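The values are calculated or read from the model by the stated rules, or taken from the named source; none is laboratory data. Just so it is clear, the structure is predicted and the values come from calculations on it, not from any experiment. All Cβ positions, glycine included, derive from the backbone under ideal geometry; neighbour counts span all protein chains shown. These area figures cover heavy atoms from the full protein model, side chains too; ligands, DNA and RNA do not enter into them. Shrake-Rupley method; radii C 1.70, N 1.55, O 1.52, S 1.80 Å.
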Amino acid sequence: MSGDSDGSLEIGEIDMTKPTATSGSDHPTLYGAAPTGRRVTTRDLIAAKATGEKWPMITAYDALTAQLFDEAGIPVMLVGDSAAMVVYGYGSTVPVTVDDLLPLAAAVVRGSKRALVVGDLPFGSYQASTQQALETAGRFMKEAGVQAVKLEGGARVLPQVEALVGAGIPVMAHLGLTPQSVNQLGGYRVQGRGEDGEILMQDAKAMEAAGAFAIVLEVVPSDLAGRVSRSVSIPTIGIGAGAQTDAQVLVWQDLAGLTPGRPPKFVKRYADVGSVLSTAVHEWANEVTAGTYPGPEHQYS
Ligand code: KIV
């Protein structure tokens, strides 16, 4: 292990003296790696691409789940504008504002110690100009304390990505199904089929050249996602983009079974938290109405 004489670790280095979580491999991983006393960095993610290590990114919107995901070893958390739906109850991501997202992002930063926290720039907060993008991203960095921002779009937001990177703000790009453009796309449909695949490929290369540190690929054909992933040196993070991307992201309420209704095809339900919570609240309400809660053990004398 290299490091400073005081034992602290250098940027990009994982502490190999500490036990790692079970990952199925014999080398330290981004997921579940031992705490190093610092957050995961964009350099760590780019280094993982070089070693072929896959990793998970998850959304988070509050301190408690952020702490839980952080302790589970999730290396990157996204305070997504999906908060529009899962926190604020809107039908799309379009209405959510910077002022809606900033307190959530700040809570996720406070709840976590190790994960790199990415703040999603909402619709209308960066498209107008590079100046607007710089101001919005600056608020996410200063007021919420995130380490990076995400924005949607390819060539049309290239000046914004260049300006943010030039200002020292790490940028995660987002291509394919970009939900903020749902009204232009005509619904939540697969993107990048046929000739559109070449445009997406060019957008990905442009994002890499502009200095983005990662690219979310949402709801695109798996083959295209694989080709893009092999064509850029920065990690690709898939959601509905198949198994060939470098990382995967899901909205936590989707994977945990809290969002109602039939999920999109790409979602795998790993739990039924909705049923667990519903059962718990019913039991409590029944005991309240029956007068059996609070029992003697829940009371002060
Ligand atoms: O807002 C969000 O949660 C996202 C992810 C689904 C990529 O953009």
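Around K113, what is the net charge, scoring Lys/Arg as +1 and Asp/Glu as -1 over all other residues with Cβ under 11 Å from its Cβ?
Result for the neighbourhood of K113: +2.
Report the charge-dipole magnitude of the range 27-88 in Debye, nearest 20, computed about the Cα centre from +1 at each Lys and Arg Cβ and -1 at each Asp and Glu Cβ.
Working: 5 positive and 6 negative charges, 56 e Å.
Dipole size: approximately 260 debye.
Within the chain, which DSSP H helices have Cα atoms that stretch 15 Å or more along the helix axis and a mean Kyte-Doolittle hydropathy of at least 0.5? Could you put the intermediate results ahead of the total?
On the way: long enough: 98-111 (19 Å, 1.14); 196-210 (21 Å, -0.17); 273-290 (25 Å, 0.44).
Span-like helices, by this rule, are 98-111.
Return one whole number: the accessible area per residue of the chain in Å², for a 1.4 Å probe.
Values: 14860 Å² over 301 residues.
Using a 1.4 Å probe on heavy atoms only, each residue of the chain averages 49 Å².
Under the rule of -39500 (n - 2.57) per DSSP H run of 4 or more residues, summed and divided by the residues of the chain, what mean residue ellipticity at 222 nm is obtained, to the nearest 500 deg cm²/dmol?
Numbers: 11 runs with 107 residues, N = 301.
Roughly -10500 deg cm²/dmol at 222 nm, from the helical runs in the chain.
Once you have the Cα-Cα distance between V190 and S222, take 0.36 nm times their residue separation minus that, and quote the gain in nm to one decimal. Write out the running numbers ahead of the final one.
Working: separation 32, 0.36 × 32 = 11.52 nm, distance 1.07 nm.
So the extension gain works out to 10.5 nm.
How about the range 206-301: which trypsin sites (Lys or Arg not before Pro) there are in a DSSP loop, with at most 15 other Cβ atoms within 10 Å of their Cβ?
Numbers: sites: R227, R230, K265, K268, R269; in loops: K265, K268, R269.
Here the trypsin sites (Lys or Arg not before Pro) that fit, given the DSSP loop and packing criteria, are K265, K268, R269.
With a 1.4 Å probe and every protein chain kept in, tell me what percent of the accessible surface of the chain is carbon plus sulfur. Mind dumping the intermediate values first?
Values: 8320 of 14860 Å².
C and S atoms contribute 56 percent here.
Provide, as a two-decimal number, the C-alpha radius of gyration of the range 50-114 over 2.2 N^0.38 Å, N being how many residues it has.
Working: Rg = 12.9 Å, N = 65, 2.2 N^0.38 = 10.7 Å.
Ratio of Rg to 2.2 N^0.38 Å for the range 50-114: 1.20.
Which of the three applies to the range 164-230, rounded, prolate or oblate, going by the alpha-carbon gyration tensor with a ≥ b ≥ c and a/c under 1.5 meaning rounded?
Since a/c reaches 1.5 but b/c is at least a/b, the shape of the range 164-230 is classed as oblate.
Can you compute the equivalent ellipsoid semi-axes for the chain, i.e. the square root of 5 times each eigenvalue of the Cα gyration tensor, sorted largest first and rounded to whole Å?
Working: eigenvalues 212, 132, 79 Å².
That gives 33, 26, 20 Å for the three semi-axes.
Given the alpha-carbon gyration tensor of the range 77-205, what are the semi-axes of its equivalent ellipsoid in whole angstrom, ordered largest first, with each equal to the square root of 5 times an eigenvalue?
24, 18, 13
Can you give the net charge of the other residues whose Cβ lies under 15 Å from the Cβ of E135, counting K and R as +1 and D and E as -1?
0
Would you kindly state the longest site-free stretch of the chain, with sites defined as GluC sites (Glu not before Pro) in a DSSP loop (not H, G, I, E, B) surrounded by at most 15 other Cβ atoms within 10 Å? Intermediate values should be presented prior to the final figure.
On the way: sites that count: E10, E195.
Within the chain, the longest run free of exposed GluC sites (Glu not before Pro) spans 11-194.
Nearest 20 debye, what's the magnitude of the dipole of the chain about its Cα centre given +1 on Lys and Arg Cβ and -1 on Asp and Glu Cβ? Before the final figure, lay out each step's value.
Numbers: 22 positive and 32 negative charges, 93 e Å.
Using Cβ point charges on Lys, Arg, Asp and Glu, the chain gives about 440 debye.
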